[in-house]
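Working notes, beginning with the structure itself.
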């Protein structure tokens, strides 16, 4: 059984990154609605399989606005790196 399994949503807007809902072992700590002007949602997962192992951090894209071009999204991602 894992020691840590944390996931946090981050939403990219034209103002930068906004934190969203955080999950611990699959259960939401507090539900936070995505901002209406988000263009991208990424989830950061921090996982540690045992107290003797290293933490592993990974990122996954879970949502992308169909109204935003790849070029505009790339510009925002360069302006606002992942948190």
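What follows is calculated from the coordinates using simple rules that are stated; it is not laboratory data. Keep in mind it's a predicted model, so treat the numbers as computed, not measured. Using ideal geometry, Cβ is built from the backbone for each residue, glycine included, and neighbour counts are taken over all protein chains shown.
Values as computed for the structure displayed
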| item | result |
| --- | --- |
| Label-to-label distance, nm, for residues given as residue 3 and residue 63 (7 Å Cα→Cβ offset) | 3.3 nm |
| Answer label, with semi-axes √(5λ) of the Cα gyration tensor in Å calculated from the coordinates and candidates (1) 20, 15, 11; (2) 23, 15, 11; (3) 27, 14, 9 | (3) |
| Virtual spin-label span in nm between residue 31 and residue 54, 7 Å along Cα→Cβ | 3.8 nm |
| Helix 70-79 axis, angle to the chain major axis (alpha carbon atoms, nearest 10°) | 60 degrees |
